[in-house]
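The values are calculated or read from the model by the stated rules, or taken from the named source; none is laboratory data. Bear in mind that the values here come from a model prediction, so they are computed numbers and not experimental data. All Cβ positions, even for glycine, are placed from backbone atoms using ideal geometry, and neighbour counts span all protein chains on display. What goes into the accessible areas is simple: the full protein's heavy atoms, side chains included, and nothing from ligands, DNA or RNA. Shrake-Rupley method; radii C 1.70, N 1.55, O 1.52, S 1.80 Å.
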Amino acid sequence: MSEPVDLVVVGAGPAGMTAAATALAGGLRVVLLDSGTALGGQYWRHPPEHARAAVPTDDLHHGLGRYRALCRALAAHRSAGRLDLRLAHHAWSAVREGDGFAVHVVDRRDAPRETAAVLRAPRLLVATGAYDRQLPFPGWDLPGVLTAGGLQALLKGGGVAAGSRVALGGTGPFLLPVAAGLAARGVEVVAVCEAAHPRAWLRHPGPLLRNPGKWAEGASYAATLARHRVPVRPRTAIVAAEGGARVTAVRLAPLAPDGSPRPGTERRVEVDAVGVGWGFAPQLDLLVPLGCALTESADGNAVAAVDAGQRTTVPGLYTAGETCGVGGAALAVHEGRLAAWSVLADSGAAAPAPANRARTAVRSAVARQRAFARAMALAHPVPRAWPAWLTDETVVCRCEEVTAGAVRTARADGAHDHRQVKQLTRAGMGWCQGRMCGPAVHCLTARGRAYEPAERLVATPVTLGALAGLDEEPTDNAEPDKECS
Amino acid sequence: MSEIVVDGDPLPFVEGQTVAAALVAAGRVAWRTTRVGRRPRGVFCGIGVCFDCLVTVDGARGQRACLLPARPGMTVTTREDDDE
């Protein structure tokens, strides 16, 4: 594309795809970029287009009709030269520049070779989603213990099951599709350990009744699990994993109401893989350094504060989906549409504003689903007493191998948040920059406050060689991406 | 089926799989050793966030195996202390 673009969208999951398609339909020129090799993000994760025959994953997905419609719409805009789609592009920084934004990216289509580029536009929409929130437990760093999302990513993206006997644990409805997907691929799922009690949902009947689609989806997973005889164990947790070169067993314990394991009730189950996840942590790496205000979400995460049109507190910066609070793909799609409508209105685009009726319908769907997300967060909390299953030797920071004992010592020495623990122990200072251990270290030191991730000026590692090769001027003459759905 | 070369040995993969998926499909879940505790590590988050799955690819160190699409002939080296 040689003409200037109006909008850069970072993240091509449900929110970003919808936002880009809506903005394009309204006449804007858009760059849509994603670190993945296919459109869809994590929720609609797919193998690259050319590999789909070899790795069939359709049956693992939900809402594929919408995905395909978005892919078709984006492909049409791309053919018309209005969409610049950049897959396998990693955004490592976004900064204000004049009246707009500069998004620094590395093009990794030819990885491991990297090429740096800068994408500029007056408006920026961040739809970077979320990743699994983790709580450490003894043995969680053994090979074969993965995040629940990691198990699903291998299955959806590569057609690979990471084990043949798998235990899942943590909290939240996401464990169910992961279990159903594994079972559908012939994996023996020996237990789904849900720390919460389903009764907790009964405290929020309104959101449940107003979102029938959600419980219909839940019921379909439950049916799959029943068909494969997968036991779902409420108020139970995986409190330890055992093994050497690979995990060989897990210890499961029923939990008391505060989340502490009931003494003397542990059960040992042999497995060759484990999946764990305690809800999600929003991916705020690009938003925080831009200075956008955060607010607290019911799940304990700090999330981007937005107005009813998905505008952040930074003019020209919009965000949609999990970055505004974890709420699932259907909500992300609605928020993506609202965000794009705001971009169109704020850009003075010639396109007619959406009919009031359409806008009202989307806003009420967002309100309904936000209420559901809040009920979900309250029904699936991080159990208060989870540190009870840590030993002093349990690794908390996987990268720097900082133990729970070291974190407790730092707390006794006066550290009262994850930043101070990092200075004292190096927890959060390694490769992942605290993305894995941050929420846990926060819980161990500053419980009761929302978890705000550390400010990361470089959102993904980038080689100096790539930066040295940065050709500042022609940022938009890169060879067009061959891959498009 | 195409192949990559991992530590000198051929490893088959299905077109579209990442290096991590190819390794896991072959039954390998660990291919790195940590610096301090000498602990085995492999894929954990599977989506590029945790950096546990680092490998050296065609001489480039610090590559996340879970993000990197396998390509025929790609040379993958798993080595200790790749996190240094």
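Keeping all protein chains in place and using 1.4 angstrom, which order do B:2, A:79 fall into by accessible surface area, from largest down? Spell out each step's value before the answer.
Numbers: B:2 35, A:79 105 Å².
Highest to lowest solvent-accessible surface, that is A:79, B:2.
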PRE reach from residue A:270 (point 7 Å along Cα→Cβ): which of the stretch A:173-193 fall under 17 Å by backbone N? A:188-191
Taking chain A as the reference, fit the longest principal axis to its C-alpha atoms, fit the long axis of helix A:212-227 to the helix C-alpha atoms, and give the angle between the two in degrees, 0 to 90, nearest 10. 50 degrees
Test of understanding: extend the Cα→C-beta vector of residue A:204 to 7 Å, then name every residue of the stretch A:168-190 with backbone N under 19 Å from that spot. A:170-177
Estimated distance in nm for a label pair at residue A:59 and residue B:75, the labels positioned 7 Å out from Cα along Cα-to-Cβ: 4.1 nm
Extension gain residue A:345-residue A:468, at 0.36 nm per residue separation less the Cα-Cα distance, in nm? 40.4 nm
Among A:353, A:446, A:409, whose Cα sits farthest toward the positive end of the charge dipole of the stretch A:320-447 (+1 at Cβ of Lys/Arg, -1 at Cβ of Asp/Glu, about the Cα centre)? A:353
Using protein chains only and a probe of 1.4 angstrom, how many square angstrom of residue A:409 are accessible, to the nearest 10? 80 Å²
Which distance in nm do the two modelled labels at residue A:416 and residue A:357 give, with both placed 7 Å along the Cα-to-Cβ direction? 5.6 nm
Please check chain A for the longest run free of trypsin sites (Lys or Arg not before Pro) that are loop-located per DSSP (anything but H, G, I, E, B) and have at most 12 other Cβ atoms within 10 Å. A:1-228
Accessible surface of residue A:432 - all protein chains present, 1.4 Å probe, nearest 10 Å²: 0 Å²
Heavy atoms of the protein only, probe of 1.4 Å, neighbouring chains included. What is the accessible area of residue A:50 in Å², nearest 10? 110 Å²
To the nearest 10 degrees, the tilt of helix A:64-79 (Cα long axis) against the first principal axis of the alpha carbons of chain A is 30 degrees
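Using a Förster distance of 41 Å, how high is the FRET efficiency between residue B:58 and residue A:457, based on the Cβ-Cβ distance and rounded to 0.05?
Values: r = 28 Å, r/R0 = 0.69.
Efficiency, from the Cβ-Cβ distance: 0.90.
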Run the simple label-point estimate for residue A:307 and residue A:96 please: 7 Å along Cα→C-beta, distance reported in nm. 1.6 nm
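Consider all pairwise Cα distances in the stretch A:112-242 and report the whole-number % of them above 19 Å. Don't skip to the end; give the middle numbers.
Values: 5075 of 8515 pairs.
That tail contains 60 percent of the Cα-Cα pairs.
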Would you mind listing how long chain A runs along its three principal axes, going by Cα atoms, in whole Å with the largest first? 68, 48, 42
Around residue A:33 (Cβ within 9 Å, Cβ-to-Cβ, excluding residue A:33; K/R +1, D/E -1) the net charge comes to -1
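Over the protein assembly as shown, what is the percentage of antiparallel beta bridges among all DSSP beta bridges, to the nearest 5?
Looking only at bridges with both residues in the protein assembly as shown, the antiparallel portion is about 60 percent.
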Just to verify a number: FRET efficiency for residue A:66 and residue A:184, C-beta to C-beta distance, R0 = 30 Å, to 0.05? 0.90
Angle between the Cα long axis of helix A:356-379 and the longest principal axis of chain A, 0 to 90 degrees, nearest 10? 20 degrees
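Across peptide A:137-143, what mean number of C-beta atoms from other chains lies inside 10 Å of a residue's C-beta?
Details: counts 0, 0, 0, 1, 7, 6, 12.
Shielding by partners across A:137-143 averages 4.
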